Amino acid sequence: MSIEDLIGRRELKRRDLLKLAAAATGAAAASRLTGPAAAAFAQHAAGNTTITVEALPGTVGPMWSADAVAWNKSHAAGTGITLKVRIPGGSENDYKVLFPHIAASSAAPDMCWYWFGGAGFYNQMASAGLFVPLDDLYKSQGWDHVLPDAAVKGYVAADGHRYGVVDNVVWYPQLYYRKDAFKKAGIKAPPSDHPYFDSEAEFLDAIDRLRHAGYDSISIGGVNAFMLAHVEDVLLQRMTPEPFVKNLRENWLKSVPMTYRYTDPRWLAVNQKMVDWKNKGVFATGFMGRTELQAMQYFATGKAALYSDGSWASGKGMLGGFAKSLDFAWMLYPKMVKEIEPKFLLYMGNAEEILTHGKHVDAAKKILAYHMSLERQTALARSGILTPARLDIPANAMKGLGVVGYDMWKQLGKVGSAIGWDDPVATKLGQLNYTLMSQLMAGSIGPKDVGTQLQTALIQVRAGS
Amino acid sequence: MSLAHFKTIGVRIAIYVPLIAWAALVLMPLLFLYNNSLKTSEQVFLSPWSLPTELQWTNFAQLFDGGGDATSFATYLENSFIVTIASLVAVGVIASMAAYALARFPFPGARFVQVLFILALAMPITALLIPIYSLMNGLQLLSSYVGIVAVYTGLWMPFSILLLRAYYDSMPRELEDAARVDGCSDIGVFIRIVLPISKGGLASVTIVNAVGIWSELLFAFILLSDPNMQTINVGLLAFKTQYQVQWNLLFAAMALSVTPLLLLYALFQRQITKGMTLGAFR
Amino acid sequence: MNQEPDYVNLDPRVEPVAYALPRNPTTRRTARLMQQIWKYRLAYLFISPAIAVVLIFIGYPVIDSLILSLDRWDGLGKSTFIGLDNYRAMFSNTSGLLDSLRITVIFTACTTLGTATLGFFLAVAIAERVRGWRFFRIVNFIPVLLPMTVVGVLWGMLLDPTNGAVNTVISSLGFSPPLWLASPSTALWTIILVSIWQYTGFPMIVFLAAIEGIPLELYEAARMDGANGWQRLRYITWPLVQGVALVLVMLQVIFGMRTFDVAWAMTQGGPGTATTLLGVKLYQSAFLYSDYGYGSTVAVAMIVIIGTIAFVYLRLVRPLVATT
């Protein structure tokens, strides 16, 4: 029966419509079931190797798509390798917890983008043998010399191998501020080349004045507890000596001595400071009920004078995209102790890995070398999608980052950078700390409880769980 | 029981004010959703409650365009339709048969089976995720419609059976008995009497299942790791991801995802209520 | 088995199994059972596909969870047998399981009560054909259709403590507004309200289908006898939908107890642990702490708790149904 017949009949029955829908669905399903197989066959017949790279949507996906276009245009014919990008849907959270399982299954791609360090499941994936060691590529490509030291040394797996390479960097947390709010409150913002208040008192005074001028204080997304952990991280850098943080960052590994503990008064002082700040109104009213994006919105719509977030927030896909209506600049969290200079905290966990389940390891290595080449990293800088990790990129290419992003990037070298605690640390510690930070700021536990619980978890992790 | 019986205006107010208030509360998100789906990203972010200055139909064009290696929403929609319809048919057929058996035949083991379904329902979905994933990996059913449809059929089965059984239990049996007296077999009774009478119940179960299956995220994400196989609600999350949010596309995609369900509901809910207004009585 | 209702008949085309029952009581019982099974073979045929899919996709993973709860497993590598360590950890004071259970029970009780009551009255109103019933029938179901993602974004924005539409209205009326999700003391109530808002449409259409299935003649007869609206609701509608209501409440309780998504989308279990439902706890342990063994232990606890509640509930309500 044709559609005309159906419509022609006076009582078009729902049952008929359903039948039609079912038939259409069936036909579509049949075509989809045969489609990929036929394509794969054609590919095989041509004697080509196809490398599939799995990339998070949003920024990583487009970065790889640009690489794929360039590679397939100029190198595919010569090498017989075609690059294909697989951009799954789903949220970042789903990807983080579920991709490791995909990587261990028959549906694994040849290569992937996945977080270095403990906040994700890099360590578990490495020890389960899912990654191909990249030590040879580090040598042949000279990555040791062109990537930031911390990116090269910070994420060596427990067995001494390096299974991933960092292709872009972010730094966190900065304070973004509204220029109009600072003007109204009569506050002189610190200059770019000295981007922080020189004492906590100065900082607290500025917060007070902003409140008096009718603005809410630091907007921060307390629902995403990693935002709170970032503040903890920045205070650790500002208030405790580097060897202290370094040991705590690494002592979950059995091979590293447990020189310091989480019950150390210095660690507890950091958590106490967060509580003090909360009680003094440093964070905006109701911050524990906002997500990262709501907090950003609270700032962008003009209610809050300050916004605490990483470098990504200045990007095109976030605040940078609203440049027309939003006049904002950045600074760092203040200096807390006289003898410790504030630094940027670098996160260098945005990494690329080759999976052992892939069938063409050599071809994948060629693709990865290309992806990390000066040419592609420069193109990435120009596109402004992400901040490339290579240090030898011409400065003018970095202008792609946008005004605020470029300004911060220029200061990175001058102000200096450090590595935070919560990313390189073991998954269990990092994740537990998120929950503890949320409890601490909700007032249901105190700094001492944070220390005790982290220390208990540390001992468990060291015991080999 | 028509309103003519409610003599006082007070009663009317007591009925209509809450009804309208509830409807307003419920309608608001849909307006919010469609409204924002036609704005620019900046407008959605900075003034989420305002009306669009200029309707951005390009948002939808962009979704269907895909662009680069992003999957077109035409593909996502098609996948969602295939997976949802196939699962609904499988659940509907298998569950109505099982519920009929449970509701009408006191066979040995019936109580045990009922208990089994209640226990199965108690299982938290997230705990099933990894065991099912390794099972489907072993069966070579990853990234296939057959695999995900089978999983959804299993997961939605206990709920559908328990609810359908309640409907069958509440239905009078006289008609079935009469048919049996006329020499109709059990299968005949099921097909010719039980199914038609219980279509309201079946329709309500189907609608509720459709919503759940259409919007399911975790299994769809992990079992269908090939983006060309993924469903629309998995796809739309790609606009709210690390370091980037495309507000306009996120809302347009959500509008696109909700609309078919709305239409499906509009189509099916008539099956629930009696077709006509019943004269003097109503 | 002797008092089978006589409406259950055998397929008349098949000869009844006719042989003398053995004398030995045990074999006699077995034979009787075999006879029964043969008699109801159609029922077994009808129910076996359902049992098969449930065993494969729920039964197998449950057994897998049971075994896993005795192991330590990070989700990828080899698992290690650790006996009852996970259970010991769960029953220790610091696990927070009791607190989670308390939160989950409050959440479940309130959402079940809220959605079922509201849903019932909405269904009655539509079945009564109030003016605009078609409109209400469509509109009231809309929240059920919305993915949790959009619900989280929407209500997050609406309930923003200082920036949201709700509190803007409350403050402009001169009241001091609650902090909603931002305060540990109100966050749980907020997600309860959002859940009631989202899921009321589900009981509504289930009740509606049941009410519409009641033969009109019953109402006609009652009307002849001069019953008013309330009496018809009380003596016709309610008794006939009671069975559906009881099952519905059980389903809502089970769904409530294993809820994960609304809390995860809106608060990620916070502030602190104020909204850490059992489902959130399970997800955190298994997926975030990558401790799948412990996650399975929480899952086993959930099955035991939910199963117990379901059975106590059924025990309590069965006599009620029988008497009406």
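The values are calculated or read from the model by the stated rules, or taken from the named source; none is laboratory data. Only a predicted model underlies this, so the values are computations on that prediction, with no experimental measurement involved. Reconstructed Cβ throughout: ideal geometry from the backbone, glycine too, with neighbour counts over all protein chains shown. Areas reflect the complete protein model, heavy atoms only, side chains present, ligands, DNA and RNA absent. Shrake-Rupley method; radii C 1.70, N 1.55, O 1.52, S 1.80 Å.
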(Q) I'm trying to understand the selection: among the residues of the range A:253-268, which are surrounded by 17 or more Cβ atoms within 10 Å (Cβ to Cβ) and within 18 Å of A:Ala150 (Cβ to Cβ)? (A) none
Q) Given the conditions (1) within 26 Å of the chain's Cα centre (by Cα); (2) not assigned by TED's automatic domain parsing to the domain that holds C:Ala286, which single one is not true for C:Leu42? A) (1)
Q) If we scan the range B:76-94, do we find a residue that is within 8 Å of chain C (Cβ to nearest Cβ), at negative phi, open to solvent by less than 10 Å² (accessible area, probe 1.4 Å) and out of contact with any His (no Cβ under 8 Å at 6 or more places or on another chain)? A) no
Q: Any chance you could count how many residues in the range A:50-102 are at positive phi and facing chain B (nearest Cβ under 8 Å)?
A: 2
(Q) Just to check your reading of the model, which residue among C:Gly256, C:Gly295 is open to solvent by less than 50 Å² (accessible area, probe 1.4 Å), within 14 Å of chain A (Cβ to nearest Cβ) and out of contact with any Gly (no Cβ under 8 Å at 6 or more places or on another chain)? (A) C:Gly295
**Q.** Meets criteria (of a type in the set (Phe, Trp, Tyr), free of Cβ contacts under 8 Å to residues at least 60 places away in the same chain, on the phi < 0 side of the Ramachandran plot and part of a helix (DSSP H, G or I)) for B:Phe159
**A.** yes
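Among the candidates C:Val304, C:Val280, C:Val262, which residue alone is open to solvent by 10 Å² or more (accessible area, probe 1.4 Å) and outside the structural domain of C:Ser69 (by TED's automatic domain parsing)? Steps first, answer last, please.
Details: C:Val280 fails: open to solvent by 10 Å² or more (accessible area, probe 1.4 Å); C:Val262 fails: open to solvent by 10 Å² or more (accessible area, probe 1.4 Å).
Within the list C:Val304, C:Val280, C:Val262, the selection yields C:Val304.
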Q) Could you count how many residues in the range C:18-75 are aliphatic (A, V, I, L, M), more than 10 Å from every other protein chain (Cβ to nearest Cβ), in contact (Cβ under 8 Å) with a residue 24 or more places away in the chain and touching a Phe, Trp or Tyr at 6+ places or on another chain (Cβ under 9 Å)? A) 1
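Report whether or not B:Val113 is within 14 Å of chain C (Cβ to nearest Cβ), closer than 30 Å to B:Ile232 by Cβ and free of Cβ contacts under 8 Å to residues at least 40 places away in the same chain.
So B:Val113 does not fit the description; no.
Would you point out the residue of the range C:70-98, among those that are among the small types (Gly, Ala, Ser) and within 25 Å of A:Phe99 (Cβ to Cβ), that is farthest from the chain's Cα centre (by Cα)? Don't jump to the end; show me each part of the working.
To start, the set of residues in the range C:70-98 that are among the small types (Gly, Ala, Ser) comprises C:75, C:77, C:79, C:83, C:89, C:92, C:95-96.
Filter again for within 25 Å of A:Phe99 (Cβ to Cβ), leaving C:75, C:77, C:79.
Details: C:Gly75: 29, C:Gly77: 35, C:Ser79: 33 Å.
Among those residues, the one meeting the criterion is C:Gly77.
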Q.
With the requirement that a residue be farther than 30 Å from A:Cys112 by Cα, open to solvent by 70 Å² or more (accessible area, probe 1.4 Å) and in a loop (DSSP other than H, G, I, E, B), what does the range A:155-190 give you?
A. A:Lys188
**Q.** Every residue from the range B:25-47 that is open to solvent by less than 20 Å² (accessible area, probe 1.4 Å) and either out of contact with any helix residue (DSSP H, G or I) (no Cβ under 8 Å at 6 or more places or on another chain) or not in a helix (DSSP H, G or I) (or both)
**A.** B:Lys39
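Assigned to a strand (DSSP E or B), under 19 Å from A:Ala379 (Cα atoms) and at pLDDT 90 or above - does that describe any residue in the range A:67-82? Steps first, answer last, please.
First, the residues of the range A:67-82 that are assigned to a strand (DSSP E or B): A:81-82.
Pick out the ones that are also under 19 Å from A:Ala379 (Cα atoms) and you get none.
So far as the range A:67-82 goes, no, none of its residues is assigned to a strand (DSSP E or B), under 19 Å from A:Ala379 (Cα atoms) and at pLDDT 90 or above.
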**Q.** For C:Ile309: the one exception among (1) at pLDDT below 90; (2) closer than 24 Å to C:Phe120 by Cα; (3) open to solvent by 20 Å² or more (accessible area, probe 1.4 Å)
**A.** (1)
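Suppose we filter A:Thr301, A:Thr387, A:Thr378 for residues that are under 17 Å from A:Val166 (Cβ atoms) and without any contact (Cβ under 8 Å) to a residue 40 or more places away in the chain; which single one remains?
Working: A:Thr301 fails: under 17 Å from A:Val166 (Cβ atoms); A:Thr387 fails: without any contact (Cβ under 8 Å) to a residue 40 or more places away in the chain.
From the options A:Thr301, A:Thr387, A:Thr378, the qualifying one is A:Thr378.
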Q.
Being more than 30 Å from C:Val312 (Cβ to Cβ), out of contact with any Cys (no Cβ under 7 Å at 6 or more places or on another chain) and touching a residue at least 24 places away in the same chain (Cβ under 8 Å) is the requirement here; does B:Leu63 meet it?
A. yes
Q) When B:Ser160 is evaluated against the numbered criteria (1) facing chain C (nearest Cβ under 7 Å); (2) open to solvent by less than 20 Å² (accessible area, probe 1.4 Å), which criterion, by number, is the only one it fails? A) (1)
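I need the helices (runs of 4 or more DSSP H) fully contained in the range C:1-69, keeping only those with at least 2 residues that are at pLDDT below 90. First the steps, then the outcome.
Values: elements: C:25-39, C:41-54, C:60-68.
Because the criterion is at least 2 residues that are at pLDDT below 90, the helices (runs of 4 or more DSSP H) in the range C:1-69 that meet it are C:25-39.
To keep it simple, each residue is scored yes or no on (1) surrounded by fewer than 21 Cβ atoms within 10 Å (Cβ to Cβ); (2) away from chain A (no Cβ under 14 Å); (3) under 30 Å from C:Arg72 (Cβ atoms).
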site: C:Cys110; (1), (2), (3): yes, yes, no
site: C:Ala116; (1), (2), (3): no, yes, no
site: C:Gly119; (1), (2), (3): no, yes, no
site: C:Ala123; (1), (2), (3): no, yes, no
site: C:Pro143; (1), (2), (3): no, yes, no
site: C:Ala165; (1), (2), (3): yes, no, no
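Kindly indicate the residue of the range C:145-160 that is at the interface with another protein chain (Cβ under 7 Å from one of its Cβ atoms) and open to solvent by 10 Å² or more (accessible area, probe 1.4 Å) and also modelled with the lowest pLDDT among those meeting that condition. Give the derivation first.
Going residue by residue through the range C:145-160, those that are at the interface with another protein chain (Cβ under 7 Å from one of its Cβ atoms) are C:145-147, C:149-150, C:154, C:156-157, C:160.
Narrowing further to those that are open to solvent by 10 Å² or more (accessible area, probe 1.4 Å): C:149, C:157.
On the way: C:Thr149: 79, C:Met157: 88.
Per the criteria, the residue is C:Thr149.
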